[in-house]
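The values are calculated or read from the model by the stated rules, or taken from the named source; none is laboratory data. Since the structure is predicted, the reported quantities are computational estimates derived from the model, not experimental observations. Using ideal geometry, Cβ is built from the backbone for each residue, glycine included, and neighbour counts are taken over all protein chains shown.
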Amino acid sequence: MPPSTPLLDKVASPADTRGFNASELRQLADELRAEMIDVVSQTGGHFGAGLGVVELTVALHHVYQTPDDILIWDVGHQAYPHKILTGRRDRIRTLRQGGGLSGFTKRSESEYDPFGAAHAATSISAALGFCAARDAHGKDNRVVAVIGDGSMSAGMAYEAMNNACETTGQLTVILNDNDMSIAPPVGGMSAYMARLVSGGGYQSLRHLGKSMARVLPKALQEAARKAEEYARGMVTGGTFFEEMGFYYVGPIDGHDMDALVPILKNAREITDRPVLVHVVTQKGKGYAPAESADDKLHAVVKFDVVTGQQAKSAPVAPQYTKVFAQELIKHAERDPKIIAINAAMPSGTGLDLFGKRFPERTFDVGIAEQHAVTFAAGLAADGMKPFCAIYSTFLQRGYDQVVHDVAIQRLPVRFAMDRAGLVGADGPTHAGSFDIGFMGALPGMILMAPSDEAELAHAVATAVAIDDRPSAFRYPRGEGVGVAIPDFAAPLEIGKGRIVREGTTVAILSLGTRLAESLKAADLLGARGFSTTVADARFAKPLDIELLLRLAREHEALITVEEGSMGGFGAFVLQALAEHGALDRGLKVRTLVLPDIFQDHDKPEIMYAQAGLDAEGIVRGALNAMGVDNVSAAGAGRRA
């Protein structure tokens, strides 16, 4: 007999799965997992989490009437199988590429993505919003939020759960427990008990009991309610969630389709209070190299499917993240007061290296940036030297604490802001676009942006030495430029930049790692007859006013360059020039910043070219300032 058509080929939308029986659903899950492995081996991306939710994804779309029923995935790392099932299989190999599918859920991409997500712990809050809107519209569709146990370390999840029982009746939260189980499933008995307490028979008996209890005195009513909840909690676990107003079901094996489907069907019919279904999954499930990896291959580049070997090119220069970690270790070996803090990103921030060297001085607080900042403030208030290493985009979640708990009290917390600027395939949700503006706005803050890996070493040393106010330094994802790093870098003079190349007509004042492109732009401008000075600002705050006024006085045009949004370094420069009357003398100024849009994911070099922050873009900015047409400018201008 000829081989049958794979079931996945028959699924154009989730509706096509709703006639499948349990055996077919298991086959579909196997085919979906194989498809995902093949796809990510070609595109790279977040991998382990998606492998772990294949059965859950199939079961959810089989049971719930998506897209009418709302399905929200927290973070979105695990949403690749969801994308394949929801009409995007033909585009899935464009994942995280320019013009292709996002690596996260995205509203503009599909009606099956009702809410965009790439930061943790937003799903339950968003789901409550959908519940309230549904109730206001008088509709009866279901709302489901899938949240990982890692996201449950974020306070926002508990804020939403605390509000849930007061906001809505029907809401299902799927707790995807894929790291360290809160309570491990106990074989068939666990699944049996979960089906029992979520099923219609138990619910009917429960409602009958509640009706009978209403005729009892208030004290006995409350005693009966607690007795039912605690008795169920002793058998199944979940008392904590019950206390927050949720009806707890689980734990259940998230890879057992025969258990998942009936339990989700039962949960779908509970409409008088929010339900939490505790599903235990294995991150990296079904792919041996992922199952055996320490990080379960959470995020990967292209890899060989057979061996799992990733196609990583040999670095030409050290990663900025690693430089930061190694420099901090050097200083910590001399200074026992240095403490390192991260928020669930030890390897992403390089603090896994610091933690191996100084485990007792390293703190991973979980996905809790607000807590991380105030924890650091407490350390600083008692004389320690905390370094709070958080991605720029994630520090946004702790900004109130930066203002209230650090800056107002002038506490010397040091913020190491990784992934500053554009981040390529991770797109706008992870871009570090705004930190220059929001950190530079704070009185007393010292804000540095090193231009290469050697300058990063000096920035770390500078932060160590600052003990009377908060400081921050930003650096990008990826490799440095290959300059030599001092054995032990010295601190910089606060608020002082440097001249890298002298010229007479155009001045380029660069902040951060666009300095290399600024130097290339100076070469191109020189070839067109414009003698160009290039300066490295080093500090966005405080500004080097002496250097700035010299550049304004000695050049016809001043171009600022930064890897940040409007309202940042360029705005600070314009404010200073205006205050000192430098704009009154006819100086031509252009501030080159990221465009006033959220740029879609692509290769970083393409994104910077689109932003006008590559060498050609800087040249265009300079020529525009000089009033020269870019096409016919060769040979024009005043020569040195």
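Tabulated data for the structure shown
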read-out	value
Region 543-600, subset touching a Lys or Arg at 6+ places or on another chain (Cβ under 6 Å) and of a type in the set (Val, Ile, Thr), residue nearest to Ser451 (Cα to Cα)	Val561
Residue that is touching a residue at least 24 places away in the same chain (Cβ under 8 Å), closer than 21 Å to Thr513 by Cα and hydroxyl-bearing (Ser, Thr, Tyr), where the choices are Ser392, Ser347	Ser392
Conditions (1) closer than 18 Å to Val460 by Cα; (2) part of a helix (DSSP H, G or I): number failed by His404	(1)
Subset of region 20-47 [in a loop (DSSP other than H, G, I, E, B) and either at pLDDT below 95 or of a type in the set (Ser, Thr, Tyr) (or both)]	Gly44, Phe47
Sole exception among (1) free of Cβ contacts under 8 Å to residues at least 40 places away in the same chain; (2) closer than 27 Å to Val483 by Cα for Tyr399, by number	(2)
One residue from Ile70, Ile92, Ile124 being closer than 21 Å to Leu7 by Cβ and touching a residue at least 24 places away in the same chain (Cβ under 8 Å)	Ile92
Criterion (assigned to a strand (DSSP E or B), over 17 Å from the mean Cα position of the chain (by Cα), more than 30 Å from Glu109 (Cβ to Cβ) and at pLDDT 95 or above) met by exactly one of Phe473, Phe375	Phe473
The listed residue being in contact with a strand residue (DSSP E or B) (Cβ under 9 Å, 6 or more places away or on another chain), more than 20 Å from His77 (Cα to Cα), in contact (Cβ under 8 Å) with a residue 60 or more places away in the chain and not acidic (Asp, Glu), out of Ala416, Ala377	Ala416
Region 503-555, subset polar (S, T, N, Q) and farther than 24 Å from Tyr475 by Cα, residue surrounded by the most Cβ atoms within 10 Å (Cβ to Cβ)	Thr532
When residues of region 484-506 are limited to those that are of a type in the set (Lys, Arg) and assigned to a strand (DSSP E or B), the one nearest to Glu333 (Cα to Cα)	Arg498
Wholly within region 281-369, helices (runs of 4 or more DSSP H) carrying at least 2 residues that are within 30 Å of Asp256 (Cα to Cα)	288-292
Scope region 103-117; condition farther than 14 Å from Phe47 by Cα and not in a strand (DSSP E or B); matching residues	Lys106, Arg107, Ser108, Glu109, Ser110, Glu111, Tyr112, Asp113, Pro114, Phe115, Gly116
Residue satisfying condition, being under 19 Å from Val54 (Cβ atoms) and either surrounded by fewer than 22 Cβ atoms within 10 Å (Cβ to Cβ) or in contact (Cβ under 8 Å) with a residue 40 or more places away in the chain (or both), within set Gly138, Gly87, Gly129	Gly87
Filter pass, Ala420 being surrounded by 24 or more Cβ atoms within 10 Å (Cβ to Cβ) and within 20 Å of the chain's Cα centre (by Cα)	yes
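To keep it simple, each residue is scored yes or no on (1) modelled with pLDDT of 95 or more; (2) surrounded by 23 or more Cβ atoms within 10 Å (Cβ to Cβ).
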site	(1), (2)
His255	yes, no
Ile263	yes, yes
Arg268	yes, no
Thr271	no, no
Val275	yes, yes
Gln282	no, no
Asp294	no, no
